[in-house]
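Here the structure comes first, spelled out in structure tokens, and everything after it is commentary.
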Amino acid sequence: MTELPAEYLYVLSIVLFILSLRWMSEVKTSRLGNWSATAGMAIAILSTLVAFQIQRTDLLVGAALVGTVLGTPIALKVPMTAVPQRTAMSHAFGSLAVALVGAAEYYQDLPKINLFTVSVLSAEMILGFLTFTGSCVAFAKLQGLIPGRPFVYRGRNVVSLSTLGAAVAMGVYLALNPTQEFVLPIMAGLALLFGLLLVLAIGGADMPTVIAILNSYAGISAAALGFVLDNKVLIVAGALDGSSGFILAVIMSKAMNRSFANVLFGGVGSRITAGTTGTAQAARSVQAYTPEDVATVLEDARSVIVVPGYGMAVAQAQHVVKELADVLQRRGIDVKYAIHPVAGRMPGHMNVVLADAQVPYEQLWEMDRVNPLFPEADVAIVVGANDVTNPAARTKADSPLYGMPILDVDKARTVVFFKRSTRPGFSGVDNELFYLPNTMMVFGDAKEVLTELVASLKRRGGSRQKV
Amino acid sequence: VVEVSQADVVVNLLIFLMASFLGTELIRHVSRLLHTPLMSLTNAISSVSIVAALIVMVGPKNDFILTLVTVAVALAATNIVSGFMITDRILRLFRRRQTK
């Protein structure tokens with residue numbers, strides 16, 4: 001049982017956590033929100049330390065030091081393009097911590113452990129361990145340590161799900177026979193294996209949903225621990241994290257018009273596309289243009305919408321995109337950025353990358369708000385995005401993308417599409433946009449090509465005559 | 001050993017459900033602009049599981065248990081430190097406005 005003063009202080013930190021999420025709703029108050037949560041955390045930790053006398057202060061200080069020494073450089077050095085990896089890593093750390101505490105609590109309570117405690121601990125450990133390996137794989141994929149494409153083989157879903165089934169069976173067995181200690185490592189091993197198999201079979205572009213789901217799992221397992229220890233602050237914080245991850249996952253999968261099950265088990269992005277699309281492509285021609293041509297079109301434009309995607313972040317082209325926008329704005333051209341919800345590798349990723357390039361956030365437009373503006377735009381510039389602009393999602397009922405909400409890029413008077421090669425996007429689907437008469441394809445490394453374009457525009461000097 | 005009575009479980013279940021509903025409503029109102037910092041923030045918040053590790057650390061029965069929770073404290077501490085710091089770093093980016 002917790003000491004009474006600590007219980008009151010826990011209530012205070014709960015209030016601060018809730019206020020923190022409320023303040024995160026808008027940019028203006030968001031930093032206050034972060035400070036509020038930081039204060040809530042400090043109060044929770046300090047009141048625990050005061051209420052419970054930990055004998056091994058050496059280990060405590062050591063662990064806290066390790067955390068600070070590891071955590072500080074991560075927070076300060078990670079580039080904004082790599083925030084998804086950092087997030088996956090933090091999910092791995094958090095879920096492993098929760099799983100380890102669950103195991104510790106089990107061994108601590110033996111042999112007088114009741115059914116409720118073992119059941120909750122088993123569920124919590126399964127969730128914690130699978131989130132750990134799942135997040136590690138997500139990290140490795142995002143960091144490029146292993147290929148981003150899904151690792152698929154026949155019957156993979158049967159293998160994965162039976163692994164999970166076996167883990168759950170072990171959990172049930174442990175709950176009914178709590179003193180059978182040997183079951184715990186087997187259960188943990190199966191859960192670890194399932195997490196591995198699950199995320200290996202998911203492709204890079206599905207990471208926004210996957211990261212959100214893993215975020216949710218990490219929260220739920222923390223809350224489960226709160227049930228075992230009868231600790232309210234754990235329950236509330238875990239529930240807040242769990243629901244946050246869940247909502248974000250819903251938003252992400254809606255933005256792809258797919259179900260959770262399809263994201264988790266669909267293996268989308270694994271198809272080899274060379275065979276079928278190769279012949280189709282030969283029949284249709286793509287118009288390739290130079291940056292110089294694009295500069296000529298942009299000179300006469302009044303409004304431009306930039307559509308960034310993950311490819312922009314990969315090419316580190318966000319700064320030169322901002323430079324282009326500056327040059328255009330100096331000519332009196334209106335510039336907006338259209339942000340698709342699943343652009344990038346985690347929810348909100350593009351916003352952060354562009355904010356880092358000092359793009360004012362007022363210029364970042366959400367899909368629903370910006371779509372009606374495309375028909376009035378003179379030029380839409382697509383940099384490093386592909387599937388989220390494919391008109392087939394609107395028109396072709398047989399396309400795998402059909403039904404997915406897209407940015408209506410094709411409605412702009414001219415579309416400038418920067419692309420590294422003619423390869424299709426993540427989904428493996430050819431983009432109808434390439435073949436439209438009003439589309440100008442510019443091939444090459446986004447950063448190099450955009451630099452040329454900016455230089456060309458600067459050479460032309462003089463601002464456009466206002467009409 | 002924490003004794004949890006059935007009444008406690010019911011109360012805790014209610015708290016969990018209420019917090020989940022509240023969380024869902026609050027998150028719905030978070031601007032899409034801020035989804036990345038939101039995720040790093042909630043992840044840091046969920047590392048309040050460090051409290052559980054600290055409680056077990058008070059009287060571990062053996063060194064194995066002590067090792068488990070010490071590692072857990074280090075992991076959670078890493079998340080707390082890096083989580084709040086990186087969230088602030090991201091949010092500071094959004095404050096900059098272009099002078100027109």
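A few notes on this one:
- Against the conditions (1) at pLDDT 90 or above; (2) in a loop (DSSP other than H, G, I, E, B), A:Ser427 satisfies every one except (1).
- Only one entry of A:Leu19, A:Leu46 meets the criterion of being surrounded by 15 or more Cβ atoms within 10 Å (Cβ to Cβ), at pLDDT 90 or above and more than 9 Å from chain B (Cβ to nearest Cβ), and that entry is A:Leu19.
- Hey, A:Thr38 assigned to a helix (DSSP H, G or I), more than 8 Å from chain B (Cβ to nearest Cβ), touching a Phe, Trp or Tyr at 6+ places or on another chain (Cβ under 7 Å) and closer than 27 Å to A:Ser243 by Cβ or not: no
- Residues within segment A:197-225 that are more than 7 Å from every other protein chain (Cβ to nearest Cβ) and of a type in the set (Gly, Ala, Ser), tallied: 8
- Criterion violated by B:Leu68 - all others in (1) within 19 Å of A:Ala92 (Cβ to Cβ); (2) more than 7 Å from chain A (Cβ to nearest Cβ) satisfied: (2)
- Considering only residues in segment A:58-80 that are among the β-branched types (Val, Ile, Thr) and assigned to a helix (DSSP H, G or I), the one that is farthest from the other protein chains (Cβ to nearest Cβ) turns out to be A:Val61.
- Applying the condition of being of a type outside the set (A, V, I, L, M, F, W, C) and crowded, with 19+ Cβ neighbours inside 10 Å to segment A:372-390 and asking which residue is nearest to A:Asp445 (Cα to Cα) yields A:Gly384.
- Scanning segment A:398-424 for residues that are at pLDDT 85 or above, farther than 21 Å from A:Asp206 by Cβ and outside any strand (DSSP E or B) turns up A:Asp408, A:Val409, A:Asp410, A:Lys411, A:Ala412, A:Arg413.
- Checking each residue in segment A:76-89 for being free of Cβ contacts under 8 Å to residues at least 40 places away in the same chain and crowded, with 22+ Cβ neighbours inside 10 Å picks out only A:Arg86.
- A:Val83 touching a His at 6+ places or on another chain (Cβ under 8 Å) and either closer than 23 Å to B:Val30 by Cβ or more than 7 Å from chain B (Cβ to nearest Cβ) (or both): yes
- Residue in segment A:189-196 that is part of a helix (DSSP H, G or I), facing chain B (nearest Cβ under 10 Å), in contact (Cβ under 8 Å) with a residue 24 or more places away in the chain and buried (at least 22 other Cβ atoms within 10 Å of the Cβ) present: no
The values are calculated or read from the model by the stated rules, or taken from the named source; none is laboratory data. All figures in this text were calculated on a predicted structure; none of them were measured in a lab. Note: ideal-geometry Cβ built from the backbone for every residue, glycine included; neighbour counts use all protein chains shown.
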